[in-house]
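Read through the structure below, which is laid out as structure tokens, and then see the notes.
Rule-based calculations on the coordinates, nothing more; no lab input. On a predicted model such as this, the values are computed, not experimentally measured, just so you know. FYI the Cβ positions are ideal-geometry reconstructions off the backbone, even for glycines, and counts take in every protein chain you see.
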Amino acid sequence: MTKTVSAGVGERMQYLAHKYNDTTIRFILKYPGFLDSVALCAAAQAVIDSVDVLHASFIAKSRFAHWRVNAGYEASDYFTLAECDGDPMKPAASLALQPVEHKAKCQLQVTQINGSDSCAVVVRISHLVVDGSDGKYLLNKLAEAYRLIEETGTTESLILKNGNRSATCAYNELSKKELASLMKPPNSGVKTEYPFEEPSAHGIRRMLHCTIPADTLAAARQKAKSQSATVNDLLTTACYRSFAKATNRQGEISISAMVDLRQHCKDGVSEGLSNMSGGLFTTLDVSEGHRFSDDLRSIATQTSAAKADPLAGLEGIPLLHMATKAFPMRILLQAADVVYSHMSLSLTNLGSIPCAPLSMGGLTPIKGLFGGPLKRKPSVQVSAASFDGTAELTIVGDFTSEDLASLQAFLYGMRAEIEDYLAEV
């Protein structure tokens with residue numbers, strides 16, 4: 001008899017967004033040498049075997065969506081080995097753009113690309129199963145499984161969290177009064193779309209990226225700290241200012257940032273793999289003449305106020321969860337057009353990702369990239385992650401050559417804004 005798992009509200013909500021993004025998150029790691037592909041394949045299998053939904057297919061056509069757990073699947077369903085001449089990062093960036101399909105037999109897929117003297121590992125995970133936070137968790141578990149195979153020949157001691165995946169654990173301990181205060185649509189700020197010249201022209205699927213060196217980011221972090229601002233505040237401010245200059249925008253605009261709702265769970269972690277991201281909107285007047293430090297102060301004040309709220313990021317979440325449980329998918333898909341067609345500019349920052357825990361085969365990654373879901377026009381999402389202090393900014397989407405030039409200038413502009421901030425007296 002086929003085993004099934006009821007779909008939680010997190011994956012239902014993500015599936016509703018599949019018309020507007022590819023519901024896949026992706027990581028790329030570059031190693032200064034070659035990994036044992038047999039061991040990496042076995043490590044991927046060990047991770048996938050450990051959690052039902054990682055080897056399940058998402059079935060949305062039934063009245064209420066569910067996961068069909070696959071009893072049989074092949075290595076080709078989750079692992080690929082490829083070779084290239086030279087640097088493996090370019091083909092890795094291309095392969096990373098392939099989505100994890102909802103009906104795929106495995107929801108985590110790994111590709112190893114061997115270049116001339118180094119290799120790249122691409123890890124793609126369904127956004128229905130995890131968000132960036134749990135994506136990092138699985139990345140570390142993959143490396144842990146590899147090391148166990150290398151050191152002991154078995155992954156029997158590998159343990160993955162495999163409990164309740166429901167995002168309701170972020171608020172199920174709240175009082176009735178607190179829950180009632182959340183039963184309203186979240187503040188969406190000022191609608192801010194990226195002004196593509198031809199929004200209907202999809203172009204070529206690409207991953208754009210820009211690097212902020214570790215020493216630059218460290219110096220900017222130290223300076224921002226004197227203003228009681230965080231690295232996330234710093235990146236958000238740079239995003240605002242660069243967007244305004246790249247698009248000649250004036251006046252107030254808004255950027256949504258992702259908030260990890262696990263902070264509301266017991267001990268700050270979810271019991272099982274889940275997508276537990278909420279939104280936090282800030283607003284800034286991007287008219288010319290403002291100093292970076294003044295804009296940073298404004299953003300830091302807004303985010304500090306949000307963090308002081310014990311229910312930060314939860315506004316509207318119970319309402320959405322109730323809707324996904326109360327109505328069949330066919331009705332929810334119609335309603336999704338109203339919600340997701342108004343998504344616009346966003347920034348998600350995974351924060352620091354130490355490279356040492358990602359070591360495999362005695363090799364430690366020398367570069368990493370994180371890409372969030374592919375956002376379809378006119379939305380743009382900037383994804384950020386700092387690998388051993390070096391910040392990597394990425395944008396994933398279907399772009400024309402004109403789009404490419406504009407968006408690349410936008411990313412480079414973020415780095416330039418941070419450099420200018422360091423030069424401020």
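Using alpha carbons only, what's the Rg to Rh ratio of the range 185-423 with Rh from Kirkwood? Write out the running numbers ahead of the final one.
Working: Rg = 18.4 Å, Rh = 19.1 Å.
So for the range 185-423, dividing Rg by the Kirkwood Rh gives 0.96.
Between Ala409 and His202, with labels modelled 7 Å along Cα→Cβ, what's the label distance in nm to one decimal, could you check?
My value for the distance between the label points is 2.7 nm.
For the chain, what is Rg from Cα atoms divided by 2.2 N^0.38 Å, rounded to two decimals?
In units of the 2.2 N^0.38 Å rule of thumb, it is 0.97.
Are there any helices in the chain, counted as whole DSSP H runs, that stretch 27 Å or more along their axis by Cα and score at least -0.5 on average by Kyte-Doolittle, and if so which?
Helices passing the filter in the chain: 401-423.
So who's got an amide H within less than 5 Å of the one on Phe399, skipping anything under 5 residues away but keeping other chains? H placed 1.01 Å off N, in plane.
Here the answer is Ile204, Arg205, Arg206, since their amide H atoms fall under 5 Å of that of Phe399.
State whether the range 164-234 is rounded, prolate or oblate according to the following rule on the C-alpha gyration tensor (a ≥ b ≥ c being the square roots of its eigenvalues): a/c under 1.5 gives rounded; otherwise a/b larger than b/c gives prolate, and the remaining case gives oblate. Intermediate results must be reported in sequence, preceding the final value.
Values: a/c = 2.18, a/b = 1.26, b/c = 1.73.
Because a/c hits 1.5 or more and a/b fails to exceed b/c, the range 164-234 counts as oblate.
Run the helix sum for the chain: -39,500 (n - 2.57) per DSSP H stretch of 4+ residues, divided by residue count, reported at 222 nm to the nearest 500 deg cm²/dmol.
-11000 deg cm²/dmol
So if I take the centroid of the Cα atoms in the range 209-285 and the same for the range 68-122, what is the distance between those two points in Å?
Using only Cα atoms to place each centre, the spacing works out to 29 Å.
Could you identify which residue out of His66, His321, His202 has the top mean-square fluctuation in a GNM of the chain using Cα springs shorter than 10 Å?
Between His66, His321, His202, it is His202 that shows the largest mean-square fluctuation.
Report, by chain and number, residues whose modeled amide H sits under 5 Å from the one on Asn70, excluding near sequence neighbours (fewer than 5 apart, same chain).
It is Ala56, Ser57, by chain and number.
To the nearest 0.05, how large is the calculated FRET efficiency for Glu173 and Ala306 if R₀ is 22 Å and r is the Cβ-Cβ distance? Could you put the intermediate results ahead of the total?
Values: r = 20 Å, r/R0 = 0.93.
That gives a FRET efficiency of 0.60.
If amide H atoms are built 1.01 Å from N in the plane of the peptide, which residues on other chains or at least 5 residues away come under 5 Å of the amide H of Glu252?
Placed amide hydrogens put Val286 under 5 Å from Glu252.
Leu182 versus Ala356, label points 7 Å from Cα toward the beta carbon: distance in nm?
Result for the modelled spin labels: 3.7 nm.
Per-residue counts of other Cβ atoms within 10 Å, averaged by peptide: what ranking do you get for 67-74, 141-148, 119-126, 158-165, highest first? Working shown, then result.
On the way: 67-74: 14.4, 141-148: 22.4, 119-126: 25.4, 158-165: 16.2.
Final packing ranking: 119-126, 141-148, 158-165, 67-74.
Enumerate the calculated ³J(HN,Hα) couplings along the range 201-206 in order (Karplus 6.51 cos²θ - 1.76 cosθ + 1.60, θ = phi - 60°), each rounded to whole Hz, writing x wherever the residue is Gly or Pro.
The phi angles translate into 8, 7, x, 10, 6, 9 Hz.
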